[in-house]
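Report on the following structure.
What follows draws every value from the coordinates through simple rules; no lab data is involved. No experiment lies behind these values; they were computed from the predicted model shown. No Cβ is skipped: glycine too gets one built from the backbone with ideal geometry, and neighbour counts run over all protein chains shown.
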There are 2 protein chains.
Amino acid sequence: MSLRGENLLGTRAVRGTRAALQGVDPVSGKALLPAYGGATREQLDEACEMAWRAWAPYRELGGAAHAGLLEAIAAHIEALGEELIDRAALETALDAARLRGERARTTAQLRLFAQVAREGRHVEPRHDPALPQRAPLPRPDLRMGHMGIGPVAVFGASNFPLAFSVAGGDTASALAAGCPVVVKAHNAHPGTSELVGRAVQAAMRETGMPDGVFSLLYGADEQIGAWLVAHPRIQAVGFTGSRAGGDALTRLAAGRARPIPVFAEMSSVNPVFVFPAALRERAAGIAAGFVQSMSLGSGQFCTKPGVLFLLGDEGAREFLDCVALQLRATRTAPLLSAGIAARFRQATQEACARSSSPPLPGQVASDGTQPQVFVLDLAEFAADAAWREEMFGPAAVIVRAPRPEDIAPLLDELAGQLTATVIVDPPDHAQAAQLLRGLEPLAGRLLMNGWPTGVEVCDAMVHAGPYPACSDARFSSVGTLSIRRFLRPMCYQNMARELLPGWLREQLPPTAA
Amino acid sequence: MSLRGENLLGTRAVRGTRAALQGVDPVSGKALLPAYGGATREQLDEACEMAWRAWAPYRELGGAAHAGLLEAIAAHIEALGEELIDRAALETALDAARLRGERARTTAQLRLFAQVAREGRHVEPRHDPALPQRAPLPRPDLRMGHMGIGPVAVFGASNFPLAFSVAGGDTASALAAGCPVVVKAHNAHPGTSELVGRAVQAAMRETGMPDGVFSLLYGADEQIGAWLVAHPRIQAVGFTGSRAGGDALTRLAAGRARPIPVFAEMSSVNPVFVFPAALRERAAGIAAGFVQSMSLGSGQFCTKPGVLFLLGDEGAREFLDCVALQLRATRTAPLLSAGIAARFRQATQEACARSSSPPLPGQVASDGTQPQVFVLDLAEFAADAAWREEMFGPAAVIVRAPRPEDIAPLLDELAGQLTATVIVDPPDHAQAAQLLRGLEPLAGRLLMNGWPTGVEVCDAMVHAGPYPACSDARFSSVGTLSIRRFLRPMCYQNMARELLPGWLREQLPPTAA
């Protein structure tokens, strides 16, 4: 498929006439063809109006039709074959093996949501039958089910060009919920976005969906996103990215004449707590796991362990020596974009400037990125809030604390997190249980003896946490639970069966013939 | 029990030293004793810190303990006997029969949430067991459950001094979710609030709850509410009241260093659509039902039918004559407070000024309130957005439209609603189904052949709607579903059983002995 550089409005493709953008190869720094003309205000309006008009017929089609669309999208993404992997690798510097894995995750995710939609699990119907004889007042017949919230604006993430982008988790869960989607393509992978967008178009045509259920817009600047979130037809927003970006969209949505909810997944340092017995018994293994997890994907995962607390002395020296050794052998791939690389350099330079000692270094990558681990004592870490900010890329902080109980006063200073992890051996359990109860207010996922990178797409996953991890900890952005972001409950009182919507009627027991 | 005029901090009572407030008898206009000293900043801080400290032990206690507290609260409210009814009647001008009904609803609601907590339905546990042999990567063991979000600030409503106030639905659902509660008492019923607050204190003592699970604060001005919503220990807000109030709290919460979610239930005109066949066949009965519903509780229900569309000519004259007749016989009780009465007078005077004809009048109440129904044609209604604003009190608008299909263009202009109702006979069903699909984007509850006042507390109820009905249509504020406002999902990865929290461990199947 030759890339055309067009915005996709429903099943059509149109050239945008605002400022154009191009993908860039992060390895060579060269701009990639084609150029993507930014969508105009009129094109954006059209995408949103089409989404609105498509909403009623789309939701009325019900779960089986939604499932059919999702499965067709998965098939058409697979049909893109190596062209998709090649283009994504070129635009992101992620290696082909990782991208194939991410593609598998993306299509599995689409099929998982297809299954949810087909089974109608997300509708969660409830029924309180009428009690006409009840005193003092009869009870009416009440039926409840969950309906899509309306057209959803989705902002793709730089670090998952497939799984959190055009047809990633946000789009899959919104479509499964019965919501049309308008995607703002991420500027770091426009060609990958077009390929996936055209696969979605093909799936829409093949399954005969109402036109407008999906659109894909490009914009070189922030204007397109601001228009999108402010558009009166948009009813919810899904975003994965920086805290500044998420905060800006949340403010925009709150400032609308009719505010709408935003689910923004933003920043997290994912603290890890290594307890004394575990540290004493298996320092080297824990150190290896840590370096592997913090440098995985060049440290560009939102679940990267950014701060590790060494709770004890015995084994600490061995741990640090192993981290240093392991790190010296670590060379990460270039970062996803020049902007991310520049921000990483700035963050690590600032950390070097405020650190009392130089960081443990890794090898320098082809884009100049160098993995770094800063080692601090607890007082130094506690004294400067900057140590508790995410450094996106292969950098992390090790904090030495003499005893587990020294951590408790610090918990109030730790912001909301996607994850928190305890590394323990049985003698640590009692103290770890105490710390875990203190971590519950802070994080959405608590791990024992594992590493937070690797977010399983399943029923029990929670990828969320209190602010600034997310804008609303009551929703997950990964796993089947994430569909709730885009659903709202609807109640039907004393409603004749033929006046119920199709998506709820299909949940009812069949009537007698 | 003699009223003391104190703030309740956990199980203690302390006099506030900021500006005092007093209840007022809306019938006589006389101020009632005692005076309630406004809570100081220090007292508010203490309430919030106590709530925070109580949170961990309270949530760890689990569902049976939460249920015990809720049931004890219900029993202690009942033990207040007629003293509670008398005081509430004095402060609100609501009659004793209504207040006894509201008390029954309040205690039933507490017991319903006790049942939810005891059964643990709200935890919604999920489990994805480990798949150690899975390729390319093994799956870890993942357990999910819903935990309370943390200390909740609750703002009582003026129009339900029991069911939406100190121990109303917000408090009951928050406590059932495992969240401590800090209530800001509504200034229109301070004595009623104290009585209920002391009943909650007695229940806390009796069940041995961690001190701080509940506090009750008074404040004459808006400062106390602003402090409360901005307090770093508060993690969510429940509010029922005016749009201006809800908007202000939502903005405050969004502007915090760490923003928190607000569920505000605000304003709604609850449109009713009377279809041609129904209008033709039973105009008089529908008219009687309408006047009864719009004047019920002096029109001070958030589900009052504020706008009724007459879709057809045949029967319309009879309908209007019946409304006029019925209304002339209608005298409502004085409004809840002088402020509400003043705002009602202003709203109806403005409506008179912009209306092309005088309203149909009711009888003048002892506080000067007069029920009024304005009759407009569709063009007049469409031309001025002010007709689509809620008038809190016994006023409503009837809009004459020649045909049901004339309504469709207007739907975009109707804001979010708690309810929308169709009044139909079988020949109307096809057209009504079409309109209902157009109403789904606007409302949380759709009714057929009923009236929206009367919100059943049950599993299938949805009391919510898009803005400005609510700040977030994804949550209901009435019924068992409302507990979700104050829950967030938590995931535990590879966690040993003894490191799981008590509230989740009690959901697991028992281990082999």
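The GluC sites (Glu not before Pro) found in region A:278-366 that occupy coil by DSSP, while having at most 13 further C-beta atoms within 10 Å, are A:Glu314. Backbone geometry of region B:45-50 corresponds, through the Karplus equation with coefficients 6.51, -1.76 and 1.60 at θ = phi - 60°, to 3J(HN,Hα) couplings of 4, 5, 4, 6, 5, 4 Hz, x marking Gly and Pro. Provide Rg over Rh for region B:1-48; use the alpha carbon set for both Rg and the Kirkwood Rh (inverse mean inverse pair distance). Ratio value, two decimals: 1.06.
Convex hull volume of the Cα atoms of region B:7-102, normalised per residue: 115 Å³.
For B:Asp425 and B:Ala386, a Förster radius of 30 Å and the Cβ-Cβ distance give a FRET efficiency of 0.35, rounded to the nearest 0.05. Within 10 Å of the Cβ of each residue in A:370-380, the mean number of Cβ atoms contributed by other protein chains is 0.
Simple point charges give the picture: +1 on the Cβ of Lys and Arg, -1 on the Cβ of Asp and Glu, and for the protein assembly as shown a dipole about the Cα centre of about 220 debye.
Couplings 3J(HN,Hα) for region B:195-200, derived from phi with the Karplus relation 6.51 cos²θ - 1.76 cosθ + 1.60 (θ = phi - 60°), are 4, 5, x, 5, 5, 5 Hz, where x marks Gly and Pro. Only aspartates and glutamates eight or more places from A:Lys30 in sequence, or on another chain, were considered; those with a Cα closer than 15 Å are A:Glu91, A:Asp367.
A Stokes-Einstein calculation at 20 °C with viscosity 1.002 mPa s, built on the Kirkwood radius of region A:205-315 over Cα pairs, returns a diffusion coefficient of 120 µm²/s.
For region A:88-204, just list the percent of Cα-Cα distances falling in each 10 Å bin from zero outward, please. Here the calculated profile for region A:88-204 is 13, 35, 23, 12, 8, 6, 2, 0.
Taking only the Cα atoms of region A:373-513, the ratio Rg/Rh comes out at 1.18, with Rh defined as the Kirkwood radius. Backbone phi angles across region B:79-90, fed through the Karplus curve with coefficients 6.51, -1.76 and 1.60 (θ = phi - 60°), yield HN-Hα couplings of 5, 5, x, 5, 4, 5, 5, 4, 5, 5, 5, 4 Hz in residue order; Gly and Pro are listed as x. Taking a ≥ b ≥ c as the square roots of the eigenvalues of the alpha-carbon gyration tensor, chain B is classed oblate because a/c is 1.5 or more while a/b is no larger than b/c. Residue exposure proxy: B:Met209, A:Met448, ordered by other Cβ atoms within 10 angstrom of their Cβ from fewest to most, comes out as A:Met448, B:Met209.
Taking every C-alpha pair closer than 8 Å and separated by at least 6 residues, the mean separation divided by the residue count of chain A gives a relative contact order of 17 percent.
Spacing of the modelled spin labels on A:Arg12 and A:Glu314, each 7 Å from Cα toward Cβ, amounts to 7.4 nm. Mind grabbing the base-10 log of I(q)/I(0) for region A:47-89 at q = 0.27 Å⁻¹? Debye formula, identical points on the C-alpha positions, no solvent, two decimal places. Results for region A:47-89 at q = 0.27 Å⁻¹ read -0.87. Inter-chain neighbour count for B:141-148: the average number of beta-carbon atoms from partner chains within 10 Å of each residue's beta-carbon is 4. Beta bridges assigned by DSSP with both partners in the protein assembly as shown are antiparallel in approximately 35 percent of cases.
One Cα centroid belongs to region A:322-343, the other to region A:380-450; the line between them spans 23 Å. Taking a cut-off of 55 Å, what percent of all Cα-Cα pairs in the protein assembly as shown are separated by more than that? Of all Cα-Cα pairs in the protein assembly as shown, 16 percent lie more than 55 Å apart.
Projecting label points 7 angstrom from Cα along Cα→Cβ for B:Glu78 and A:Glu60 puts them 4.9 nm apart. Here's how it looks for B:Val307: its modeled amide H is under 5 Å from those of B:Val272, B:Val397, which are all 5 or more places away or on a different chain.
Amide H contacts of A:Gln417 (H built 1.01 Å from N, in plane; Pro and chain starts excluded): A:Ala443, A:Gly444, A:Ala469 sit under 5 Å, all sequence-distant by 5 or more or on other chains.
Determine, from the Cβ-Cβ distance of B:Arg251 and B:Ala342 and an R0 of 25 Å, the FRET efficiency 1/(1 + (r/R0)^6), rounded to the nearest 0.05. Taking R0 as 25 Å, the efficiency between B:Arg251 and B:Ala342 is 0.50. Using bins of 5 Å that start at zero, the share of Cα-Cα pairs per bin across region B:269-333 amounts to 4, 19, 28, 24, 16, 7, 1, in whole %. In this calculation the C-beta distance from A:Arg41 to A:Leu137 is compared with R0 = 45 Å, giving a FRET efficiency of 0.30. In this label model, B:Leu33 and A:Gln115 are separated by 7.0 nm, measuring between points 7 Å along each Cα→Cβ vector.
Distant-in-sequence amide contacts of A:Asp377, defined by a placed amide H-H separation under 5 Å and a gap of 5 or more residues or a different chain, comprise A:Arg400.
Considering only beta bridges that DSSP places wholly inside chain A, some 35 percent are antiparallel.
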